[in-house]
Amino acid sequence: MKKLKEIIANVIVEALEQDFLDCKYKLNLDTHNCFGGLKSDVINTKLREVLTSENYIIHKFKRYAWEGRFILDLESKSLVSITSISNLNRIPKDKNRRVPHYMQSILYYLNSEIDTNKQISFDLGKTFNPDVYEQDFKNIFSGLDINLSDFTYYVVAYDYKANKINEMNWYLLGNEFNIAKKESIMNLINPDFINLTRLENDFSDELTEIAENKPNKGIKLGLKEKNVKKHG
């Protein structure tokens, strides 16, 4: 499973520190309301490009208008999803859900026997009956011809600020979001790639800052000429 951890770590960094920024610059939008969803889109696209081995399956699922992806490692029988750390902290606290979050259903179905010493790591919000979780789990993985009962569910969560990945962890959670294991996977990032990418991003930021702060001589001359006429 170490190979999968390494792949995911580098996919997230490349997707957010390179592909996501390329999309932002090309779009050149005045407002950035779509960027939250765009992060997961570029990560999912990069996963499709990289995970071509027969050992891995990328499972697609929809929640209303939102689309998500799961990674199945057939060799280690691992099911993995990717989210931000802030989102992982928020999910179990929501007290106003009408249906379970997909993580709730999967944790209940696959990770109920995970030994976590019953230490609650997140404040729990609304919970649901077991039959609701089970039906939701079946709906999420409908069309997947694999018995998932022996699989274990893992979550990869990252922190992304100022165009950089600052933290990235591999979580094994119990069915109440209590943490059984938390492992940083920052050390699995290819150092050559991350140094090159961050150097390019810093250079691009400097160019953008220079362009934004560059004085507009035409405007200044016009104002000056107008002021001269006014006081002449």
> So how far apart, in nm, are the two label points at LYS161 and ILE146 if each is 7 Å from Cα heading toward Cβ?
Replying inline: 3.6
>> So if each residue of separation counts as 0.36 nm, and I subtract the Cα-Cα distance between SER76 and THR127, what length gain in nm does that give?
In response: 15.4 nm
> How high is the FRET efficiency from LEU29 to SER84, r the C-beta distance, R0 35 Å, rounded to 0.05?
Replying inline: 0.95
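How much net charge surrounds SER112 when only other residues with a Cβ under 12 Å from its Cβ are counted (Lys, Arg +1; Asp, Glu -1)?
Taking every other residue near SER112 into account, the sum is -4.
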>> List the pairs from LYS3/LYS181; LYS77/LYS181; LYS3/LYS39; LYS26/LYS93; LYS77/LYS138; LYS138/LYS181 whose alpha-carbon separation is above 28 Å, in the order I gave them.
In response: LYS26/LYS93
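Divide the volume of the convex hull of the Cα atoms of region 2-189 by its number of residues and quote the answer in cubic angstrom per residue.
Enclosed volume per residue, from the Cα hull, is 132 Å³.
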> Using only the Cα atoms, what convex hull volume per residue in Å³ does region 20-107 have?
Replying inline: 129
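Return the FRET efficiency for the residue pair ASN96, ASN187: r is the Cβ-Cβ distance, R0 is 45 Å, and the value is rounded to the nearest 0.05.
Values: r = 38 Å, r/R0 = 0.85.
Taking R0 as 45 Å, the efficiency between ASN96 and ASN187 is 0.70.
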> Most exposed first by the Cβ proxy, i.e. fewest other Cβ within 10 Å, how do THR45, THR152 rank?
Replying inline: THR45, THR152
> What is region 29-80 by shape, rounded, prolate or oblate, if you read a ≥ b ≥ c off the alpha carbon gyration tensor as root eigenvalues and call it rounded for a/c under 1.5, prolate for a/b larger than b/c, and oblate otherwise?
Replying inline: prolate
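Using DSSP to define loop residues, name the trypsin sites (Lys or Arg not before Pro) in region 26-97 whose beta-carbon has at most 12 other beta-carbon atoms within 10 Å.
Of the trypsin sites (Lys or Arg not before Pro), the ones in loops of region 26-97 whose Cβ has at most 12 other Cβ atoms within 10 Å are LYS95.
Computed from the coordinates by the stated procedures, all read-outs in this text should not be read as laboratory data. This is a predicted model, so every value here is computed, not measured. Here Cβ is always computed from backbone atoms with ideal geometry, including for glycine, and neighbour counts include all displayed protein chains.
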